[in-house]
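Taking it in order: structure first as structure tokens, then the write-up.
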RNA sequence: CUAUGGGUUAUU
């Protein structure tokens with residue numbers, strides 16, 4: 001049975017969920033590890049509903065979930081915002097008081113409640129963990145506040161973490177910067193920026209790109225540009241926030257210049273770049289130009305317009321009062337409108 | 001050394 005489980009796990013880790021399922025289905029015996037391996041496989045492939053169905057199926061077949069199964073399933077709930085199911089899983093933990101104080105279980109619970117927007121519950125469990133709190137737990141809590149519109153609370157949490165002597169890592173910095181973006185806290189952003197510089201973490205492309213995004217979202221385009229210019233490597237994800245920043249303040253000309261410069265450096269626009277460009281058209285009422293860019297997307301750059309792009313086109317025509325045209329666009333969409 | 005915890009950019 002351990003060999004069979006290892007084979008299922010191997011296929012999961014190789015990214016072949018179908019093969020994993022096939023082997024799982026012909027196993028002569030299945031234990032809690034077989035099921036948990038499959039459930040985690042669905043989770044890792046983003047099939048969270050399937051993962052949760054699998055959890056139910058397992059119970060129907062009389063296999064009792066253990067704490068690992070629960071942690072994995074809590075993650076599925078986090079990813080799809082399945083609060084009720086998450087609450088039920090939480091209640092199903094045997095030795096709940098014991099496991100709530102376990103860092104891994106506690107973090108999975110805090111993360112689940114935070115992602116589902118039950119911040120009070122997340123905070124309560126977080127407080128309960130007291131001495132053992134590590135950077136991952138802190139980051140889950142900060143991200144929860146940040147993602148639900150509580151930028152101030154997120155920053156307070158970020159500060160408290162440092163006061164308690166837990167050093168932030170790149171994930172924490174990214175959350176802190178996003179919290180600044182969400183409330184336009186330029187000064188706090190600069191403070192965090194200075195710290196990132198001190199630690200030499202600007203060489204990390206994720207952190208560097210997030211800094212550009214933070215300044216751009218705070219409408220500090222000059223500062224955004226300064227960070228951008230100092231990035232050791234620039235990819236499309238470094239250009240996009242800068243382009244979006246200009247697009248959002250209505251600088252369509254500057255936004256387009258940036259796109260040109262990017263192309264000149266050999267970096268091709270991606271679907272996000274075009275959302276920025278189309279959004280800029282919307283903000284400046286350029287409904288005619290938008291068709292040019294929309295067509296160039298597939299013709300010149302080989303990017304198949306996604307739903308967001310079609311939605312942007314609809315938005316542009318609504319903003320310019322061309323509701324009839326917007327209606328036609330919706331009707332003629334090659335994708336099903338949302 | 002068969003399964004388990006946090007991550008960046010865009011439209012409404």
Would you mind stating whether residue A:184 is within 21 Å of the chain's Cα centre (by Cα), away from RNA strand B (no atom under 11 Å from the Cβ) and surrounded by fewer than 16 Cβ atoms within 10 Å (Cβ to Cβ)?
-> yes
Mind checking which residues of the range A:40-93 are part of a loop (DSSP other than H, G, I, E, B), under 14 Å from residue A:109 (Cα atoms) and either within 14 Å of RNA strand B (Cβ to nearest atom) or in contact (Cβ under 8 Å) with a residue 40 or more places away in the chain (or both)?
-> A:81, A:93
What tally of residues in the range A:273-308 results from selecting those that are more than 8 Å from RNA strand B (Cβ to nearest atom) and part of a helix (DSSP H, G or I)?
-> 20
Yes/no for residue A:178 being in a helix (DSSP H, G or I), under 27 Å from residue A:79 (Cα atoms) and within 13 Å of RNA strand B (Cβ to nearest atom) | yes
Could you please tell me which pairs satisfy a Cβ distance under 8 Å, a separation of 6+ or placement on different chains, a first residue in the range A:104-118 that is closer than 11 Å to residue A:75 by Cβ and at pLDDT 95 or above, and a second residue that is near RNA strand B (Cβ under 8 Å from one of its atoms) and in a loop (DSSP other than H, G, I, E, B)?
-> none
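So that you can scan it fast, the table gives a plain yes or no per residue for (1) surrounded by 19 or more Cβ atoms within 10 Å (Cβ to Cβ); (2) closer than 16 Å to residue A:76 by Cα; (3) modelled with pLDDT of 95 or more:
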residue: A:7; (1), (2), (3): no, no, no
residue: A:18; (1), (2), (3): no, no, no
residue: A:25; (1), (2), (3): no, no, no
residue: A:41; (1), (2), (3): yes, yes, no
residue: A:46; (1), (2), (3): no, yes, no
Could you list, in sequence order, the residues of the range A:122-146 that are assigned to a helix (DSSP H, G or I), within 8 Å of RNA strand B (Cβ to nearest atom) and surrounded by fewer than 18 Cβ atoms within 10 Å (Cβ to Cβ)?
-> A:135, A:136
Do we find a residue being crowded, with 18+ Cβ neighbours inside 10 Å and more than 11 Å from RNA strand B (Cβ to nearest atom) anywhere in the range A:158-165?
-> yes
Residue check for residue A:79: within 30 Å of residue A:154 (Cβ to Cβ) and out of contact with any strand residue (DSSP E or B) (no Cβ under 7 Å at 6 or more places or on another chain) = yes
Selection status of residue A:227, part of a helix (DSSP H, G or I) and surrounded by fewer than 20 Cβ atoms within 10 Å (Cβ to Cβ) = no
Test residue A:215 against the stated conditions and say whether it is more than 25 Å from the chain's Cα centre (by Cα), part of a helix (DSSP H, G or I) and crowded, with 19+ Cβ neighbours inside 10 Å.
-> no
Residue list for the range A:309-338, filter: under 30 Å from the mean Cα position of the chain (by Cα) and assigned to a loop (DSSP other than H, G, I, E, B) | A:333, A:334, A:335, A:336, A:337, A:338
Going through the range A:202-213 one residue at a time, which ones are near RNA strand B (Cβ under 8 Å from one of its atoms) and closer than 17 Å to residue A:187 by Cα?
-> A:210, A:213
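The values are calculated or read from the model by the stated rules, or taken from the named source; none is laboratory data. Every value quoted in this text rests on a predicted model; they were computed, and no experiment measured them. No Cβ is skipped: glycine too gets one built from the backbone with ideal geometry, and neighbour counts run over all protein chains shown.
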